[in-house]
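Encoded as structure tokens, the structure appears first; notes follow it.
The values are calculated or read from the model by the stated rules, or taken from the named source; none is laboratory data. Computed from a predicted structure; not experimentally measured. As a convention, Cβ positions derive from the backbone with ideal geometry for all residues, glycine included, and neighbour counts pool all protein chains shown.
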Amino acid sequence: MALSTAALVVAAAAAARATPLLMLAAALALLGAGALGWGYVRRRYRSWGYLERQEDLLVRRGVMFQRLSVVPYGRMQTVEVTAGPLERSFGLATVQLHTASAATDARIPGLERLVAAQLRDRLVRLGEASAEGL
């Protein structure tokens, strides 16, 4: 009995010393995961971009696999501005473009609400002007 009690005391003392080290290791692991997550979010935000050209709109996105969509103004059917609860809490919105093609998934997220509304209005005007010229 004396041996098992002594072993229990030694194990308890070792656990008391290991607990701060374990807590430090867990805190460092959480900080590292947070830094990696922040870096990914930052890269993903920077991967989105758009360029208004004379005849079409270019939309680029993608962190690992980059994608470039070219949407002619004359092909745009509707242009929507949407904002979910998280976007609204930060004053942001997403411009969503719909064309006749189901494969076209052109959207521009993370715009300020006013910028998104102005972009929508500009794209609608350009789309109407292109449709009249056909």
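Some notes on this structure:
- Selection count where residues are more than 22 Å from Trp38 (Cβ to Cβ) and of a type outside the set (D, E, K, R), scope the range 60-111: 27
- Any hit, the range 57-69, residues being over 21 Å from the mean Cα position of the chain (by Cα), assigned by TED's automatic domain parsing to the domain that holds His98 and in a loop (DSSP other than H, G, I, E, B): no
- Scan of the range 85-111 for residues that are within 12 Å of the chain's Cα centre (by Cα) and not in a strand (DSSP E or B), ordered by number: Leu86, Glu87
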